Amino acid sequence: MLEGHAVRWVRSLSGTAASLETVALALSAPGSAEQVRDLPVQAPPNDDEEGERSIVLWFIKADKLRGCDDRVLPRFQDLQRQRPDWFVEKEITLEGACKHEYADEVLAVSHRWEQEAEPDTEGKQFMAMCVYVRGKPAIKLVWVDFSCAPQKERTPAEELVFGRTLRFVNLLFLGSRVLILCDRTYVTRFWTLLEAWISMQMATIDGLVPAPREKRRCDIVPIHHASEVTVLELEALVAGKSLDELYAMLDSPDVSVTNQNDKGQQLAKLLGLDDQVKRKMTLAVGAPRPSHGGAGVGTGADSPAPPKDKRLKRLVEQVSSGSLDAAGALADMRENESLVAIARVGGIVPLVALLTAQDPAARAEAARALRSLAINAENKVSIVQAGAIAPLVTLLKSGTDDQKEQAAGALRNLALRNAENQVLIAQAGAFAPLVTLVQSGTDGQKENAADALRCLAFKNAENQVLFAQAGAIVPLVTLVKSGTDSQKEYAADALRCLAYNNEENQFLIAQAGAIAPLVTLVQSGTDRQKDIAAGALFFLADIAENKVLIAQAGAITAPLVTLLSGTGGQKEKAAGALKNLAYNNAKNQVLIAQAGAIAPLVTLVQSGTDGQKENAAGALRNLADIAENQVLIAQAGAITAPLVTLEQSGTAREKEIAAGALRNLADIAENQVLIAQAGAISEALALLDPGDVGVPRVCQQISDLRPPPNDDEGEERIVLWFIKADKIRDCDDQKLPRFQDLQRERPDWFEEKEITSEGACAHEYADEVLAVSHRWEQPDEPDTQGKQFAAMRAYVGGKPAIKHVWVDFSCAPQKERTPAEERVFERTLRFFSLLFLGSRVLILCDRTYTTRFWTLLEAWISMQMATIDGLVPAPREKRRCDIVPIHLASEVTVSELETLVAGKSLDQLYAMLESPDIQVTNQKDKGQQLAKLLTLDDQVRPVVRKMAPLTLTLAGGAPRPSHGGAGVGMGADSPAPSKDERLQRLVEQVRNGSADAAGALADMRENESRVAIARARGIVPLVALLTAQDPAARAEAARALRSLAINAENKVSIEQAGAIAPLVTLLKSGTDDQKEQAAGALRNLAVKNAENQEKIAQAGAIAPLVTLVQSGTDGQKENAAGALRNLAFIPKNQVLIEQAGAIVPLVTLVKSGTDSQKEYAAGTLRSLAAKNAENQEKIAQAGAIAPLVTLVQSGTDRQKENAAGALRNLAEIAENKVLIAQAGAITAPLVTLLKSGTGGQKEKAAAALKNLAYNNAKNQVLIAQAGAIAPLVTLVQSGTDGQKDYAAGALQNLALHAENQVLFAQAGAIAPLVKMEQSGTDRQKDYAAGALQNLALHAENQVLIEQAGG
């Protein structure tokens, strides 16, 4: 036979069952020297949804039989060797079989094997076959099993082919003409009855049904002693049977089969056959539903046909018994109705169990079935809950080729559109093996692995990073360059997902050489490849370097512009890519216009989908940055209708982008006229997002500002931009521009500075920092005549010590703000009081200043001082403000202002500012700041206590101003609300969805306030706010609950209010701030509360907490590590946390985290190691010991204590005692803590030495040599109870060594041990008695013990 034919044959037959990278196809009999070279086995990949079931078989040419005078046909391998020209190959597909399209030219022979190794002992079968073929000249191909499929003994490759033939042989008998060679035993055999039944069926939309006699594709020829009676018996047995009736008959023990495995396999396949046929025939029209009136004569005719669920239950039971055939049958049932039904009858759990079966084929079939089931959204959840991910990842790593391919496909489907599964699959370690498959797997493995990477990276920032770190990018780029069509598609899509909103990946993908092959796909790929590749270029063009590279690769000159006329998805992606390529790149703007993009972009703006309109308008907006394009865009008719129409009636985003385009186009006078004529409204231009047009460098820096993570009891802080005072002194401008304009025009004017609550309370910025308080004279122009700036410049000129100036209009983002600028602005509002409390304040007071909310609030803060009782009015000589009258104001105006605010208490100010005659432009600002005002005292008091508990108390001289003369004027006699009334007001605002009120409650951090908030029933509405629509409200609610949960009673109330589940939801899928606050809240809820610890774990918090430890922000890592530490106090959580993969990322934090992260991570490892030998071993294996010893030696006090505690617990197992000693923990660090550490450090160090000395003679010597005995004796003598316990225990263990027994006596240990043994706690008595008993092994010590009264 020809070698090329052999290659095609093996490849086709092996299909998805291929499990060898290469196989040797032996065409000769066993032992023959004639072999062919190793041939690759590779399955054509099948799509999970609509994959075609097909097989390529070898057929004998019918003409060869017509002219043959042999007595019998030889077996396949012999015939292939002797007469290779007899054979031809043909593909049989499910669709062709259902249409019976092979019935004219292809003959399949159904016959009984007369002996096990010889089916046709007398040649009568072959003779009948030849006679039949000679009488049917239309028949061109003949298939008979013995001569057309590999027979025993088979090579591994032939075994593979034979197995796949068995799997798909039904297709042949369903689609071809069938010659039944019927002897008297034919009607008792499994295979023959099955083949005969299939030959008498027809495919319909309802599945397989008995064919009317005139439509049957079979001819029955009696041989040997059979007669027409035998033929009638056969017809009666099978002709009218339904599938379920046939199953009942074939399942009977009196239907025989040589290989019982064949029966199990084919019965299982039979149950899935209807599903395959139904799915393929759904497009058929007029498929008959034959009458079953005459059916059922013969064996099993009256057996009730099982309903579908019963049929499925039978298969599931077989799966539970380890049947790979049943698993395969379930895998072949791909209609969604079947996927749901399989889950309904409990099929998922046994399939997951089968993933770890002994039989490799069973594992592969189980993975294939789960891959199919995971297409259904609900099944994804059930499969993961059944524990499938870990064994699938194991198959991915170390399975056979087929197992790897199916496991990758299953993980792909589990991750598709399921964010939680994406996280869990990543945590299970799937990254590395998937990347390996993309790199060096079979074709099917590469395709499935690439698509799994795509699904895992889809809108998942953490996975994007992890995949890049796992080295996925280079092999994906290789597939895009030289893979199969499907591989190119999936690899390009994976790169697209990896590049989404991730600048580092965008850079790495370009570096790996992806741009050129992506451009090639855009130019000449399939429709799907074009769509996906354009989308990848869209995201890659986010960064400046890639804009250049994409243009250089020729993407603009034809491919992307051509795609603007492609399919709907292609148009949208191409427009998006051109939009990004044109952003801030003048060369590309010219190239895109020259390539003819403007006209099709205008068409999309006019009549495209929403996505097309948005991207096309964005592209036109960016192209309109240059004058030439402004003319061309107008000439293309973009203004007269499309952009103006979009700006007036599009979606919010479309309006904003269209307004930006119109604003850019309006740079030239002719376009201004056209825009006006087209009816554009000026208000729409206010929709413009400046960040979309071009954000200046410094503005981008401020947009990226992130607050440092705050400890639950720590200080608040904010980084602000200030104008350098010298720039103002040297400036002769009339007035200051708004922030964004000043940033763009004069970036060198700015400096950033951190303002902290401690610095503000100490007023430490008052010498060098000036904050300007002024009224805005118009909504968008605070200084219409420049008089404010003139006064400011004069003031700064007279104060040479001032270095930094802050004025809101020019130092904080103004409208219209980008989303990033909006975040900065909101945070500025939240913490602006720190600035006015800690700095010098210049009040530019006009006659309206005293009627405005913001100005009065700023003035009041500038006249306060921080004390241990909160904010109190500062004496005149200590005020940090200067009031300068401007416009028509006079000294009378200044006096009026001082009278209004100077002597007011916080509550009096609240009553005044709440009045409706105090005006504010944005009512939301008033609500927010009034909420914050109610908590200002609570923020100040703990900071002042921490700073200087004696110097700033009232007893130390901080004035308590007289209010006798205060309050003249507005609101002077308004009653100040009590604290509980104040809180009730805030709680009511929280009920109404106020993020500001929740934030205010979060800022009240004294325990008295936490109790009061609970008393005011604030917990339930805060829990309700965790699920509010407003993302900021959810974050603030979590922050408030985090603070409240520090109180022990509140922990219980918060859990009873149902907070845990929504907090876990925020942990999984919230914004960065929500995740951090939720982790902090769960951390505090778990502190010293075993019930909460258990409930938090049950709610599924552990996995997302581990994810945050691994790849979160600094604040998320710290809070998540702290939460895991607290959860690990109960044993079952220790196990769950380790299983979730927490140990390695925690060790990483101990090594290289921030100080807080190191502290919490060490504490968590300590908790995980407590009385858990398995965790103790794994923590050591993860490399924790050396960094823990480093912390003991040179960490902060809390780090030292936690690290010593961790070493104590790790030292419970023998291996770790050795490792800890080898890491140098004994020789200095632990003994040093024992001598001079804090109380907690001494206790933990003594406990660690106690465990290190237990049953380890070398450590006993080392500890004594390091000088530990004397400080241990000191602790026994005068330590706390905990210190005494562990020190006595350490001495007991050390005293087992003879050398140490002498040293103990010399260190004076005996007397305090005798005293402890007589009067200590029960535990201390036990340790002391043990130590004395060990010491008494030395004769001299016996005397000393007796003398001490022991």
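At-a-glance table
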{"read-out": "Inter-label distance for Asp730 and Gln672, nm, one decimal - labels placed 7 Å from Cα along Cα-to-Cβ", "value": "3.4 nm"}
{"read-out": "Candidate lysines - alpha carbon under 30 Å from Lys803, same-chain residues fewer than 8 apart omitted", "value": "Lys724, Lys727, Lys735, Lys753, Lys787, Lys815, Lys878, Lys932, Lys946"}
{"read-out": "Cβ-placed point charges (K, R +1; D, E -1), dipole of the chain about Cα centre in debye, nearest 20", "value": "900 debye"}
{"read-out": "When each of Lys488/Lys547; Lys1088/Lys1171; Lys1151/Lys1258 is checked by Cα-Cα distance, pairs over 26 Å", "value": "Lys1151/Lys1258"}
{"read-out": "Per-selection Kirkwood Rh - the range 1217-1350 (Cα, Å, 1 d.p.)", "value": "14.1 Å"}
{"read-out": "Estimated 222 nm signal from helices in the chain, with DSSP H stretches of n ≥ 4 weighted -39500 (n - 2.57), rounded to 500", "value": "-17500 deg cm²/dmol"}
{"read-out": "In Å², nearest 10: area of Lys136 left accessible to a 1.4 Å probe", "value": "80 Å²"}
{"read-out": "Using alpha-carbon coordinates, inclination of helix 1197-1210 to the longest axis of the chain, degrees", "value": "30 degrees"}
{"read-out": "Where Thr828, Thr1071 fall by accessible area, highest first, once all protein chains stay in place (1.4 Å)", "value": "Thr1071, Thr828"}
{"read-out": "Portion, in percent, of the accessible area of the chain that falls on carbon or sulfur, probe 1.4 Å", "value": "50 percent"}
{"read-out": "Neighbour-limited loop hits for GluC sites (Glu not before Pro), the range 782-834 (at most 11 other Cβ within 10 Å; DSSP other than H, G, I, E, B)", "value": "none"}
{"read-out": "Pairs of Lys in the range 111-239 closer than 25 Å at Cα, counting only those 8 or more apart or on different chains", "value": "5"}
{"read-out": "Stretchable slack from Asp78 to Lys1095, in nm (0.36 nm times residue separation minus alpha-carbon distance)", "value": "359.2 nm"}
{"read-out": "Share of alpha-carbon pairs per 10 Å distance bin for the range 189-258, given as whole %", "value": "19, 51, 27, 3, 0"}
{"read-out": "√(5λ) per eigenvalue of the Cα gyration tensor, the range 1078-1208, largest first, Å", "value": "20, 16, 13"}
{"read-out": "Segment Arg876-Asp63, length gained on full extension (0.36 nm per residue, minus Cα span)", "value": "280.9 nm"}
{"read-out": "Solvent exposure, largest accessible area first (probe 1.4 Å, DNA, RNA and ligands not counted), of Arg1017, Arg793", "value": "Arg1017, Arg793"}
{"read-out": "Antiparallel DSSP beta bridges within the chain, as percent of all bridges there, nearest 5", "value": "50 percent"}
{"read-out": "Residues of the chain: accessible area per residue with a 1.4 Å probe, Å²", "value": "39 Å²"}
{"read-out": "10 Å-binned pair-distance histogram of the chain (Cα, whole percent)", "value": "2, 7, 12, 14, 15, 14, 12, 10, 7, 4, 2, 1, 0, 0"}
{"read-out": "Ser1236 versus Ala386: modelled label distance in nm, points set 7 Å from Cα along the beta carbon direction", "value": "6.3 nm"}
{"read-out": "Listed pairs Lys446/Lys571; Lys61/Lys90; Lys313/Lys380 exceeding 18 Å between Cα atoms", "value": "Lys446/Lys571; Lys313/Lys380"}
{"read-out": "Square roots of 5 times each gyration tensor eigenvalue, C-alpha, the range 471-585, largest first, Å", "value": "18, 17, 11"}
{"read-out": "Two-site label geometry, Glu95 and Glu781: point separation in nm, points 7 Å out along Cα→Cβ", "value": "7.0 nm"}
{"read-out": "Ratio of the Cα radius of gyration of the range 534-649 to 2.2 N^0.38 Å, where N counts its residues", "value": "0.94"}
{"read-out": "Residues of type lysines that Lys1075 reaches as a straight line, Cα spacing below 17 Å, ignoring anything fewer than 8 places off in the same chain", "value": "Lys459, Lys1117"}
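The values are calculated or read from the model by the stated rules, or taken from the named source; none is laboratory data. Since the structure is predicted, the reported quantities are computational estimates derived from the model, not experimental observations. No Cβ is skipped: glycine too gets one built from the backbone with ideal geometry, and neighbour counts run over all protein chains shown. For the accessible areas, the whole protein counts, side chains as well, though only heavy atoms, and no ligand, DNA or RNA atoms are used. Shrake-Rupley method; radii C 1.70, N 1.55, O 1.52, S 1.80 Å.
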